[in-house]
Ligand code: GLN
């Protein structure tokens, strides 16, 4: 029997796949903008961008890759990393969890079924719990600084709140308010519930671009080493932990379907962004506002799937034991 062939992917091949995905998907229809947050309903639905960040820091972009949009639930990824940086992976597993819920991102039922633990920092309950854990407990300003500094380290760019989105979201966060106080009744929120919820809402309202998210994805894919700023942002041991969380719940109740079809762990946000992590190879991000019923961008999914298929990549395939020609050797 032939051994699995190892793949060597060149930057030129990635560039071709990104361009082909853009052309093939740009006119795809289907999905609607999120409407439960009024700001998101009025974002131009035709915006569409893709970026891949290779592990030598090369950025390959097409379309509206520099357009700033609401990060929304993709923000759960950096704050999960921050909580693990501050408390360690073992403590986060105990305090928040790392399980799939199989239910929508804002499910109260998931929290009730789990009895007390929020399941994962990548669903609303766990993300609010993660915000509550951020040090220093009780100091909203300092916590916010820690959240945004961590994102700046992961993306190389200081993130800014889209004030209109923050106002919009703060005015309709009743479901998340219930989650925050239910966590309180379970003893699973580690700071004031309203303070924690506000931090969560604010981080969801940060503006981002596919370029920034792809760099964050590449940093995770690169064992915590940001290939653009050339800095070790977090302990390499945390990279597989956060990637496992993205793998299990990144697309909420559609996570299994997504992995089955795409072969790449990815995290979505209702702003239309998707962040993908291909460990040892690249970070990828795509953005397009119209969403499917689970809140995942229709075109971003199609684009990333196209790229994975065109490059013949799948995280579960033996051939992923590749040496990407773009992978730098580095000392740590
Ligand atoms: N801020 C949004 C919410 O809590 C994020 C949801 C998402 O992007 N899936 O509802």
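Away from the ligand (no atom under 16 Å from the Cβ) and on the phi < 0 side of the Ramachandran plot: does that describe residue 136?
Yes, satisfied.
Considering each residue of the range 238-253, count those that are in contact with a strand residue (DSSP E or B) (Cβ under 9 Å, 6 or more places away or on another chain), in a helix (DSSP H, G or I) and within 16 Å of the ligand (Cβ to nearest atom), and give that number.
The total comes to 4.
Does the range 194-206 include one or more residues that are within 16 Å of the ligand (Cβ to nearest atom), crowded, with 22+ Cβ neighbours inside 10 Å, more than 26 Å from residue 272 (Cα to Cα) and at pLDDT 95 or above?
Looking for residues that are within 16 Å of the ligand (Cβ to nearest atom), crowded, with 22+ Cβ neighbours inside 10 Å, more than 26 Å from residue 272 (Cα to Cα) and at pLDDT 95 or above, one finds none in the range 194-206, hence no.
Restrict the check to the range 225-236 and report whether at least one residue is modelled with pLDDT of 95 or more, crowded, with 24+ Cβ neighbours inside 10 Å and closer than 23 Å to residue 251 by Cβ.
no
Scan the range 151-170 for residues that are on the phi < 0 side of the Ramachandran plot and either buried (at least 23 other Cβ atoms within 10 Å of the Cβ) or outside any helix (DSSP H, G or I) (or both) and jot them down.
Passing the criteria: 151, 154, 155, 157, 158, 159, 160, 161, 162, 165, 169.
Pairs, please: C-beta under 7 Å, at least 6 apart or cross-chain, first residue farther than 18 Å from residue 293 by Cα and in the range 255-278, second within 12 Å of the ligand (Cβ to nearest atom) and modelled with pLDDT of 95 or more?
Every condition considered, the pairs that remain are 265/250; 275/74; 275/77; 275/267.
Could you please find all residues in the range 13-69 being over 24 Å from residue 229 (Cβ atoms), touching a residue at least 60 places away in the same chain (Cβ under 8 Å) and within 16 Å of the ligand (Cβ to nearest atom)?
31, 32, 33, 34, 36, 37, 38, 39, 40, 43
Can you name the number of the only condition in (1) surrounded by fewer than 20 Cβ atoms within 10 Å (Cβ to Cβ); (2) within 16 Å of the ligand (Cβ to nearest atom); (3) assigned to a helix (DSSP H, G or I); (4) in contact (Cβ under 8 Å) with a residue 40 or more places away in the chain that residue 103 fails?
Answer for residue 103: the failing condition is (3).
Out of 173, 191, which single residue is under 28 Å from residue 64 (Cβ atoms), surrounded by 18 or more Cβ atoms within 10 Å (Cβ to Cβ) and out of contact with any strand residue (DSSP E or B) (no Cβ under 9 Å at 6 or more places or on another chain)?
That would be 173, the only listed residue that is under 28 Å from residue 64 (Cβ atoms), surrounded by 18 or more Cβ atoms within 10 Å (Cβ to Cβ) and out of contact with any strand residue (DSSP E or B) (no Cβ under 9 Å at 6 or more places or on another chain).
Only one of these is at negative phi, in contact with a helix residue (DSSP H, G or I) (Cβ under 6 Å, 6 or more places away or on another chain), more than 16 Å from the ligand (Cβ to nearest atom) and touching a residue at least 12 places away in the same chain (Cβ under 8 Å): 215, 179, 189. Name it.
215
The values are calculated or read from the model by the stated rules, or taken from the named source; none is laboratory data. This one's a predicted model, so the numbers in the text were calculated from it and none came from an experiment. Because the Cβ atoms are built from the backbone with ideal geometry, glycine has one as well, and the counts that use them run over all protein chains shown.
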